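Please treat every number below as a calculation from the coordinates, not as lab data. In this text, all values refer to a predicted model and were calculated from it rather than measured experimentally. Using ideal geometry, Cβ is built from the backbone for each residue, glycine included, and neighbour counts are taken over all protein chains shown.
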Amino acid sequence: MPERRNKLFSLPRLGARHQFFLAILLISVMPILVLAYVVLVDRHFLILNSPTIWLMACSIGGLMVLGYGIIFKYPSNIAHLHKNLEEIVKGQMPDSHVVLMGIEDDIGAIEKAVNVIIDQLRERIDLVEKQKEILERELCQANKLKAIGAMASGIAHEINTPVQFVSDNARYISRATQNVFGFIRSLKRTLETCEESCRHVGDLTANLSELGGNEDMAAIEKEVSDALSESLEGLDRIASIVRAMRGFAYMGKQEKVTTDINKIIENAVTMSRHEWKHVAEIEYNLDPALPGVECIPGDIMQVLLNIIVNAAHAVRGVCEDGGGMGRIIAGSRTEKDQVAVTITDTGGGIPEKVRDQIFEPFFTTKKYGDGTGQGLVISRSIIINKHGGSMTFETEKGKGTTFIIRLPVRQEEKSA
Amino acid sequence: MNSSGSHKAAIMFIDDEKQVLSGLRRSLDEKRGQWNMKFVESGNEALNLLECEHYDIVVTDLKMPVMDGMKLLEIVKEKHPSVIRFLLSAHVRRPFIFDTLAVAHHVLLKPCRSGVLESIISRWLDIRNHVPAGGRMLSAVFGLNSIPVMPTTRECLMRIKNLKTIDLPSVADLFEDDTAFALECFRMAGGTVQESGRVFRGIDEAVSCLGHEGMERLVDPERIKVMSSDMIKILDMEKIRERHALVGSGIIARISVGVDDPLLHKEIKTAALLYDVGRIILFLADPVEYERILLDSNGGSRSLCELEKNSFGMTHADAGGHILAMCGLSSEITEAVRLHHTVLSAGEKESGIRAALYQINAEINGGADD
């Protein structure tokens, strides 16, 4: 629009300098000509003949041309430029090129220069936007990798310990059974010889204790049965971790599928066991009638892991200050067409002065290297931007913090 | 202190998970005849027991509530420096494993392979049995968790620190130059070995065992301790360094003319590089006493070894042999170092590394024993 209007106003397509010289010419020469004409030809001003009018008209025209330049065109061009440049400086790019009046002269060069600047700026802004997008994606990916890495090392830790004692036990059992079978073999031999030679039970028991079996056998019996039951427990522990690991299968996928949120909560708790096991007990407060929620399961898992690990760190802070074991309560409930997930900890709460900052990128209270300050930012973006949900928290100093995630059960079509 | 000749070794295992302890108890069941084993569930309990009973080795988990394994070993090291300290953990990440060596002698990762724990415990017990009981030497040998290096080495490391990648050739030069630094490299590699029976024959094996992360920790000048100027003067480290230059240039080449086996050649070189480390150990055990002995041996009629034996119960050759065994060097090298002052018997003349080292020592010292 402004382009067209400015074109209309730039009536004579003459450069500013030409206009100026023309105007000076008209203004200075014409009155002399008029005066000369009046003095020499029309002394009485009586004959307002056509040349007089023509000359007068010319000088008025000159004044008008000059006036147009000085009064209208230059101030309006400058105002226009000023406005545009001010916008650029403020960071608002003008929608289109700047179009000034009477562009064939110096001012035209300025117009061209300004437009080149605008074009270049726009290119750079596009580039920066693109880079920002790539960086955000990479950051998101890096965070996901970090979450996976943390989980992988956690899983390794969790599996390594039971593997240690299960294989210790298996080694023992294998040795013990060899002893037992050796004992049985010699028992059999003794029985055979007894059948032939000695008829008394007393001889038999004497022979048995000679084999040194009795006590050993009782001890072995107890040890083997303990070793087996402990090993089975250990295998159960490994199995539960491996089951939760199936969660990894969907970590990479970006499709929304109907998901049992309770299961994701349980998996996230299992996966982060090494973070909380020494500092907190876990309580579940899950709604068994929770509807399936349409979501990207891997993303929700990532968010929950993040919050649980934060909760564990908060509780650890209190625990290390001598506050004893804390609690982390994972809950879920249905709210109309939404599902709410709550993670409550009995940590120290979020200090008042940082409450507004916790969702800001790169904000972290953890020491350098422990946290990047990206976890909650990305979590929130996953919940709000990807799922159209909400993420809030309630916190009380000295009592703890509750994070509340609300997810719509059905995703609307537009939020893809 | 258990001073009787045939005593059972006492070993304590600490882990907050009962099941791990009973698993260990069962898998080490066969060793009951030789080892007295105690299984406790917390660091505090372990410390209380250590106050009233003697233990040769403690094996602890890392991540435990209240007191973690590092803290426990730190206290054990301070209060009972002669106790051998092991870490057995599922929670050690790769770079951190090297930091644990500040307090632990050996780090094993859970789950460790069958028999590894047993064989490594046995190896350490064996070393311990060779060190004379009675305090000073046990504490000196096992209280050692890093070897002080020459100040020039540290200066070089400061320079290396500014480089983006570790400059391996210049680190290799440092090994040649500073016997203490070479020993430190073996110590770090030996303390993190996860297989039984893995021994080092040359420094290249230790370097490859450490890997990039281990090397980064090794050359970290912040971590490294430096010898005092007294120590350098008294031990005449400069002279040792000159000898190394000699060793590097001529003697080995001459001696190994007849040696075809490249492995043997490597072992001779390693032994020649390290055979004097025992002096450092004896000095650290008692600087004043050792200085006196060195002076006596220079002026007096009695040999250095004799004086050392009288005062410390072992010679610097013995001490060197033990410390090298602790660092995981091959038994051929440790034996050769241990016996480098012992005259070869008739049958031993051509038995490779030991003969070579004896010859090297004799040549360097101009035939006379220093």
For segment B:53-61, what does the Karplus curve 6.51 cos²θ - 1.76 cosθ + 1.60, with θ = phi - 60°, yield as ³J(HN,Hα) per residue in whole Hz, taken in order and with x for Gly and Pro?
10, 9, 10, 8, 9, 10, 10, 10, 6
Cα-based Lys proximity count in segment A:87-187, under 22 Å, for pairs eight or more positions apart or on separate chains
6
Sorted by chain and number, the residues with a modelled amide H under 5 Å from that of residue A:327, at a separation of 5 or more or across chains, are A:281, A:346
Percent of Cα-Cα pairs more than 20 Å apart in segment B:84-159, please.
49 percent
MRE, 222 nm, helices only [DSSP H, n ≥ 4, -39500 (n - 2.57), over chain B, to nearest 500]:
-16500 deg cm²/dmol
Interchain or sequence-distant (5+) residues whose placed amide H lies within less than 5 Å of the amide H of residue B:9 are B:36
Three-way shape call for segment B:275-348 based on the alpha-carbon gyration tensor, with the a/c threshold at 1.5:
oblate
Here Rg/Rh (Cα, Kirkwood) for chain B equals 0.97
Between residue A:396 and residue A:356, how many nm apart are label points set 7 Å from Cα along the C-beta direction?
2.4 nm
Which longest run of chain B has no exposed loop site in it, a site being GluC sites (Glu not before Pro) in a DSSP loop with at most 13 other beta carbons within 10 Å, and the site itself not part of the run?
B:54-194
Counting only DSSP loop positions in segment A:243-351, the GluC sites (Glu not before Pro) whose Cβ has at most 12 other Cβ atoms within 10 Å are A:255
Rg ratio (alpha-carbon, reference 2.2 N^0.38 Å) - segment B:162-249
1.17
Least to most buried among B:178, A:95, B:173, by other C-beta atoms within 10 Å and fewest first, runs A:95, B:173, B:178
Residue A:338's amide H: which non-local residues (gap 5+, or another chain) put their own amide H closer than 5 Å, with H modeled 1.01 Å from N in plane and none for Pro or chain starts?
A:409
Value in Å of the Kirkwood radius, where segment B:4-68 supplies the Cα pairs that are averaged:
12.3 Å
Cβ density ranking, 10 Å radius, fewest first, applied to A:405, A:238, A:24 yields A:24, A:238, A:405
Looking at the square roots a ≥ b ≥ c of the eigenvalues of the Cα gyration tensor of segment B:67-126, which shape do they give, rounded for a/c under 1.5, prolate if a/b is larger than b/c, or oblate?
oblate
I'd like the Karplus ³J(HN,Hα) series for segment B:210-217: coefficients 6.51, -1.76, 1.60, θ = phi - 60°, whole numbers in Hz, and an x wherever there's a Gly or Pro.
5, x, 4, 5, x, 5, 4, 5
Neighbours of residue A:396 by Cβ distance under 13 Å: Lys/Arg at +1, Asp/Glu at -1, summed charge 0
Rounded, prolate or oblate: which one fits segment B:1-124, using the alpha carbon gyration tensor with axes a ≥ b ≥ c (rounded when a/c is under 1.5, else prolate when a/b beats b/c, else oblate)?
rounded
Under the Karplus curve 6.51 cos²θ - 1.76 cosθ + 1.60, θ = phi - 60°, whole-Hz ³J(HN,Hα) for segment B:106-123, x wherever Gly or Pro sits
9, 10, 10, 9, 7, x, 8, 5, 3, x, 5, 4, 4, 5, 6, 4, 4, 4
